[in-house]
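Participant: Before we start, here is the structure in question, set down as structure tokens.
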Amino acid sequence: MKKENIWLIVSIVLFIGLVASMFTGGFGIKISGSGDSPVEVADKAVKFINDYGLGGGATASVVPGSSEYLKSDLYKFGLNIGGQEYTSYVSRDGKLLFPSVIDMGEMSKSSPEATAENESVEIPQTEKPEVRLFVMAYCPYGNQAEAAMIPAANLLKDKADISLNSVIYSDYATNMGGEAKDWCLDEEQKYCSMHGINELNEDIRELCVAKYEPEKLWDFVGKINDETNTQNVETKWEDIAKEMKIDVNKIKDCQKNEAESLLDEQVALNEEYGISGSPTLLINGVRYQGDRTAEAYKTAICQAFTEMPEECKTTLDEGTVAAQGTCN
């Protein structure tokens, strides 16, 4: 089926569903107060779409790792129909399901005035630029940024100080109406992550790899992103680490005994730089606002050197420009 035809069918199906919801009091998803995770909500929404029937033998499925809760009381998830991916949303009360929204806040950032303001912010030059990429381990936009950063980080690893950092939330289980253990490392909810406890665990492991085997960090992150999701990472990460000759026992020991101290460092950085979304890229303390490709990242970092190294002459694959979305 052509993409435009699929989109038309999806829109019609969801419109019918919206009309039906007026008479049924919602889609029967029963989200509010149920403690459902974004993944569970996405699964129920897709079941609803498939129950209505898309026609032409098409069925919908959830894009792995795409489900998240937005602070605007919306659940967001990727919808795969016939090989095409769409972004869809469900209201927290389970009464509204719709194929797209317009983020006026994001649009205002791309207005001529905002663009001029962003472009006027110059990244200061230093002998060894400090580069910090803040992500959530399973934020799809963060994963795209990581994929772009990996070749740039491997190219400039001996010249720039490039680190991977975590976006940490607090009181997240309270906001979600669930239990602390589903989202947070601790009952006090000081250390939480948007996509659940398995994401936070992976954040911690990556911080441990960065501390004890930094030369393998970016390739480890790439494999984790390619081969795992929040549902299976706890059973798969060890095999990936062993394949890369990472000391699994050392990482386990770090996760057990150093998790809070590592997360405290991340919380402090989040507060210092006002970080709340994944991905956020800082170069010498200034937020980068450009394209998310390996070449764009490399160029921005290279422009932050007082004297560019020879590595900056290397052209990296532009690839596909990643979407300018954010998990926040």
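Participant: Estimate the FRET efficiency between GLU122 and GLU260 by the formula 1/(1 + (r/R0)^6), using the beta-carbon distance for r and 30 Å for R0, to the nearest 0.05. Can you show the working numbers first?
Facilitator: On the way: r = 37 Å, r/R0 = 1.24.
Taking R0 as 30 Å, the efficiency between GLU122 and GLU260 is 0.20.
Participant: Here's something else I'd like to know. Can you flag which of LYS44/LYS252; LYS245/LYS313; LYS190/LYS242; LYS181/LYS256; LYS76/LYS242; LYS181/LYS236 are past 26 Å Cα-Cα?
Facilitator: LYS44/LYS252; LYS245/LYS313; LYS190/LYS242; LYS76/LYS242
Participant: So if each residue of separation counts as 0.36 nm, and I subtract the Cα-Cα distance between GLU307 and GLU215, what length gain in nm does that give? Don't skip to the end; give the middle numbers.
Facilitator: Details: separation 92, 0.36 × 92 = 33.12 nm, distance 2.40 nm.
Separation in residues times 0.36 nm, less the Cα-Cα distance, equals 30.7 nm.
Participant: How much accessible area per residue does the range 194-328 have, in Å², with a 1.4 Å probe?
Facilitator: Values: 6340 Å² over 135 residues.
Result: 47 Å² of accessible area for each residue.
Participant: In Å and whole numbers, how far do the C-alpha atoms of the range 197-245 stretch along each principal axis, longest first?
Facilitator: Over the range 197-245, Cα extents along the principal axes are 27, 20, 14 Å.
Participant: In addition: Of MET308, MET136, MET244, which has the most accessible area with a 1.4 Å probe, and how do the rest follow in descending order?
Facilitator: Working: MET308 115, MET136 0, MET244 35 Å².
From most accessible down to least: MET308, MET244, MET136.
Participant: Now for a separate question. Order these peptides, 224-234, 293-303, by their mean beta-carbon neighbour count within 10 angstrom, highest first.
Facilitator: Values: 224-234: 16.8, 293-303: 20.8.
Ranking, from highest mean packing down: 293-303, 224-234.
Participant: How would SER276, SER166 rank on accessible area, largest to smallest, probe 1.4 Å?
Facilitator: SER276, SER166
Participant: Sticking with this one: Within a Cβ distance under 14 Å of LEU133, other residues only, what is the Lys/Arg minus Asp/Glu net charge? Could you put the intermediate results ahead of the total?
Facilitator: On the way: positive: ARG132, LYS157, ARG287, ARG292, LYS298; negative: GLU130, GLU146, ASP161, ASP203, GLU206.
Neighbourhood net charge equals 0.
The values are calculated or read from the model by the stated rules, or taken from the named source; none is laboratory data. These figures come from a predicted structure and were not determined experimentally. Cβ sites come from the backbone with ideal geometry, for glycine too, and all protein chains shown count toward neighbours. Quick note on the areas: whole protein, heavy atoms, side chains included, nothing else; ligands and nucleic acids left out. Shrake-Rupley method; radii C 1.70, N 1.55, O 1.52, S 1.80 Å.
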